[in-house]
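*Asks:* Below is one structure. I have some questions about it.
Every number here is computed from the coordinates shown, using simple stated rules; none is lab data. A quick note: this is a predicted structure, and the numbers were derived from the prediction, not measured. Reconstructed Cβ throughout: ideal geometry from the backbone, glycine too, with neighbour counts over all protein chains shown.
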There are 2 protein chains.
Amino acid sequence: DVAVRSKSRDANDPFKDEPSRSPLLIPSSQKPFNAEPPVQLLAEKFLTPNDMFFVRNHLPVPCVCLDDYTLDLDLSTGKPSLTYQQLTQNFPKRSVTTTIQCAGNRRSEMVKIKPVKGLNWGSAAISNAKFSGVSLNELLQHYNVNIDTVRAKYIVFEGLDVQPDGSPYGASIPLELARMLKNDIIVAYEMNGEILPRDHGYPLRVIIPGVVGARQVKWLKKIYFSPEESTSHWQRRDYKGFNSSIDWHNVDFDKSVSISQLPVISAICDPVEGTELEPGAEEVTLKGYAWSGGGRGIIRVDVSADGGNTWHEATLKPNGQTPYRSYAWTLWEADIPLPQGQSKTELVVKAVDVSYNVQPDSVAGIWNLRGCLSNAWHRVNVTVPSP
Amino acid sequence: DVAVRSKSRDANDPFKDEPSRSPLLIPSSQKPFNAEPPVQLLAEKFLTPNDMFFVRNHLPVPCVCLDDYTLDLDLSTGKPSLTYQQLTQNFPKRSVTTTIQCAGNRRSEMVKIKPVKGLNWGSAAISNAKFSGVSLNELLQHYNVNIDTVRAKYIVFEGLDVQPDGSPYGASIPLELARMLKNDIIVAYEMNGEILPRDHGYPLRVIIPGVVGARQVKWLKKIYFSPEESTSHWQRRDYKGFNSSIDWHNVDFDKSVSISQLPVISAICDPVEGTELEPGAEEVTLKGYAWSGGGRGIIRVDVSADGGNTWHEATLKPNGQTPYRSYAWTLWEADIPLPQGQSKTELVVKAVDVSYNVQPDSVAGIWNLRGCLSNAWHRVNVTVPSP
Ligand SMILES: [Mo]
Ligand SMILES: [Mo]
């Protein structure tokens with residue numbers, strides 16, 4: 001593996017070996033690198049091209065030499081270490097097409113209510129790809145571990161990305177959830193048919209469809225079962241929800257449940273905020289995405305061109321998946337009439353999933369100190385010059 | 001089985017054989033009988049007593065003579081008819097504690113926005129009980145039918161309750177959903193340890209936990225697989241969601257997905273709307289329920305005594321179930337400070353499920369022509385006289 005040289009070459013800079021990135025990506029931070037694609041491009045393709053897939057790194061990107069690399073399993077039946085060669089050659093290749101979303105997607109809307117801690121994400125900290133690799137369940141079965149009978153409460157994943165003190169990024173999901181998803185969790189070495197890019201976890205990323213990105217550990221190094229959650233900062237002191245009366249002076253992270261599956265969300269990707277439509281335009285074409293966690297497919301997307309007074313149903317583009325195992329997003333499009341005689345108006349979208357969960361109306365009602373789970377109705381203001 | 005005599009004994013009245021009912025139940029219609037318990041009593045008990053369990057009948061209650069009764073299965077391997085004796089004696093007894101909710105629970109709040117068609121339910125068209133009976137999966141396996149490989153798209157249930165034209169009540173769920181729930185669907189003959197009451201489906205009701213009540217067919221007579229949904233009125237022309245710009249002049253029921261799993265909901269059961277609190281009261285004790293469909297457990301309940309400006313976390317009473325197979329509701333309680341110097345205030349509750357789905361803020365945003373799925377933040381206005 002050849003590390004792509006970044007501009008910064010200070011030998012003491014932990015970020016000295018970052019990969020090269022598409023100049024189209026819009027960074028929300030440089031070190032660690034976090035970036036989203038232009039939101040208008042996002043809704044153009046069902047499968048987000050690898051170099052346009054949003055990047056969420058918590059730490060420097062590890063520079064992995066395949067000769068030294070192993071994936072380490074700590075199991076009741078032994079502690080096998082698998083080489084990349086063994087993983088890619090000795091197991092059937094399984095694929096899942098899934099949307100991955102950062103818990104902080106659309107955080108910038110929350111910031112407008114009251115400041116929060118976190119990257120100032122727009123609406124594109126979400127992307128969709130086909131991941132291929134080894135079935136986690138088949139891997140465990142190979143080592144005589146039955147995930148349905150393992151005595152533990154969590155499955156824990158550790159990455160090769162490390163903090164200054166040398167401790168790795170880590171995350172876990174409840175074993176109950178891992179059992180439900182056992183045929184869908186994969187240890188991925190491919191993304192959209194290409195070798196997994198460095199920014200997306202090369203050589204291996206665990207893909208847990210329907211679950212927040214933060215648990216789908218990149219640069220995967222170790223998997224084990226535990227009676228407790230990952231002890232990492234990101235599992236215990238981050239990625240949790242709170243009500244809007246909880247702020248940093250009164251927060252108790254131990255009292256909140258870690259985010260795993262995500263709620264229903266949608267966004268208008270085109271037009272973007274502040275767009276000036278054609279003078280005298282009588283209708284507008286909206287495009288965007290809708291998605292829900294837990295494999296819950298999208299059954300309806302409602303759009304409005306008058307701030308939510310009247311609604312129209314968008315046309316959904318089928319994602320080819322079944323309603324209860326629908327891990328990929330649903331792209332949608334709608335041509336709807338504009339209110340006449342107004343120089344500006346607010347476009348709105350809200351989606352419904354197969355369990356008839358809906359998005360909340362307001363950002364204020366779901367504001368939280370970390371700015372996670374920002375899934376209110378999405379609003380975009382546009383102007384319509386006189387003809 | 002002895003039919004309890006109702007007051008109306010007109011031989012031509014299809015409702016002449018209705019069972020007797022608790023006088024505490026509050027009817028929303030008499031023929032067919034529909035009723036909810038007093039909402040304050042609802043939150044008192046985790047298991048709703050049978051005579052207080054909300055009643056949702058679409059048609060007259062059938063008067064079933066066990067000697068004549070069979071449950072008929074129409075399977076690829078044959079058409080077995082099972083007697084009550086066979087069902088109750090020849091299979092292991094399985095139990096599930098689950099909340100059942102009418103799709104129209106809390107409809108009366110929607111009516112205030114704009115009229116809808118449907119029973120004017122308050123907040124108590126929901127109850128919780130322990131149901132026991134035969135596992136549907138074990139029943140099918142007994143007849144060599146593997147639900148995972150059946151060639152069909154839906155599983156259909158028919159009741160003994162019939163329309164004037166003789167056609168039965170019917171409902172279906174997608175086979176994909178039935179497969180996910182296969183270890184939890186039961187053909188119940190007991191409710192809270194007693195013989196299933198007539199109003200709740202005597203002798204048999206199919207229990208499909210996490211799914212709307214309307215699909216859990218009572219007075220169960222027939223089960224079969226089909227390439228299409230039940231053709232009943234209630235499956236095809238009712239129990240579907242629409243946006244608030246769809247009304248009877250422009251509705252197309254074929255375009256909407258049938259309600260199966262329900263979204264997250266909660267309600268304040270005590271105090272009730274219009275309650276006059278103690279003069280000069282400085283705090284108030286709220287009690288209520290929270291529940292989500294799809295087995296998604298409740299992880300947080302937020303309550304407010306000032307119309308939603310400030311929030312407090314309610315204390316949840318554990319339901320004894322696991323987070324992803326949590327079919328029973330979560331009762332909760334909270335003592336919270338009242339805003340001082342105000343003679344009236346609005347109490348509010350909203351809940352969060354394990355997938356971090358939240359309730360929508362407003363009833364207006366989810367209004368629909370049938371008044372289903374009314375799960376906005378629940379608001380109760382109370383007065384506080386001067387001390
Ligand atoms: Mo994230
Ligand atoms: Mo119902």
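*Asks:* Under a GNM of chain A (C-alpha, springs under 10 Å), which listed residue has the highest mean-square fluctuation: A:MET110, A:MET180, A:MET191?
*Replies:* Checking each option, the largest mean-square fluctuation is seen for A:MET180.
*Asks:* Is it possible to state the helix-based mean residue ellipticity at 222 nm for chain B, with each DSSP H run of 4+ residues giving -39500 (n - 2.57), the sum divided by total residues, to the nearest 500 deg cm²/dmol? What is it?
*Replies:* -1500 deg cm²/dmol
*Asks:* Using the charge dipole of region B:126-176 (Lys, Arg: +1 at Cβ; Asp, Glu: -1 at Cβ; taken about the Cα centre), state which of B:LEU139, B:ALA171, B:LEU160 has its Cα farthest towards the positive end.
*Replies:* Toward the positive end, the furthest listed residue is B:LEU139.
*Asks:* What nm distances, shortest first, do you get from the label point of B:ASP247 to those in the other copies when the point sits 7 angstrom along Cα to Cβ?
*Replies:* 4.4
*Asks:* Compute, for chain A, the length of the dipole vector about the Cα centre, with Cβ point charges of +1 (Lys, Arg) and -1 (Asp, Glu) only. Units Debye, rounded to 20.
*Replies:* Magnitude of the dipole: close to 780 debye.
*Asks:* Hey, another quick one. Taking each label point as 7 Å beyond Cα in the direction of the beta carbon, state the distances from A:ALA152 to the same residue in the other copies, shortest first, in nm.
*Replies:* 3.9
*Asks:* Which of the listed residues, A:GLN89, A:SER123, A:ASN12, is farthest toward the dipole's positive end in region A:1-144, when Lys, Arg count +1 and Asp, Glu count -1 at the beta-carbon?
*Replies:* A:SER123
*Asks:* For B:SER167, which inter-copy label distances result when the label point lies 7 Å beyond Cα on the Cα-to-Cβ vector, reported in nm to one decimal and in ascending order?
*Replies:* Ordered by distance, the counterparts are at 6.5 nm.
*Asks:* Count neighbours as other Cβ atoms within 10 Å of each site's Cβ, and list the GluC sites (Glu not before Pro) in region A:161-238 that are DSSP loop with at most 13 such neighbours.
*Replies:* Loop-located and lightly packed - A:GLU228.
*Asks:* Same structure, new question: Do any chymotrypsin sites (Phe, Trp or Tyr not before Pro) in region A:140-194 lie in a loop, going by DSSP, with at most 15 other beta-carbon atoms within 10 Å of their beta carbon, and if so which?
*Replies:* The qualifying sites are A:TYR143.
*Asks:* Here's another thing I want to ask about it. Among A:TYR189, A:TRP234, A:VAL211, pick out the residue whose Cα is farthest towards the positive end of the charge dipole of region A:96-245, where Lys and Arg carry +1 and Asp and Glu carry -1 on C-beta, about the Cα centre.
*Replies:* Among A:TYR189, A:TRP234, A:VAL211, the one farthest towards the positive end of the dipole of region A:96-245 is A:TRP234.
*Asks:* Place a +1 charge on the Cβ of each Lys and Arg in region B:170-298 and a -1 charge on the Cβ of each Asp and Glu, then give the dipole magnitude about the Cα centre in debye, rounded to the nearest 20.
*Replies:* 980 debye
*Asks:* For region A:245-305, state which trypsin sites (Lys or Arg not before Pro) are in a DSSP loop and have at most 14 other beta carbons lying within 10 Å of their beta carbon.
*Replies:* none
*Asks:* Another question, then. With only Lys, Arg, Asp and Glu charged, each at its Cβ (+1 for the first two, -1 for the last two), find how big the charge dipole of the protein assembly as shown is about the Cα centre; round to the nearest 20 debye.
*Replies:* 900 debye
*Asks:* Next question, about the same structure. If R0 is 51 Å, what FRET efficiency do you get for B:GLN86 and A:ALA152 from their C-beta distance, rounded to 0.05?
*Replies:* 0.80
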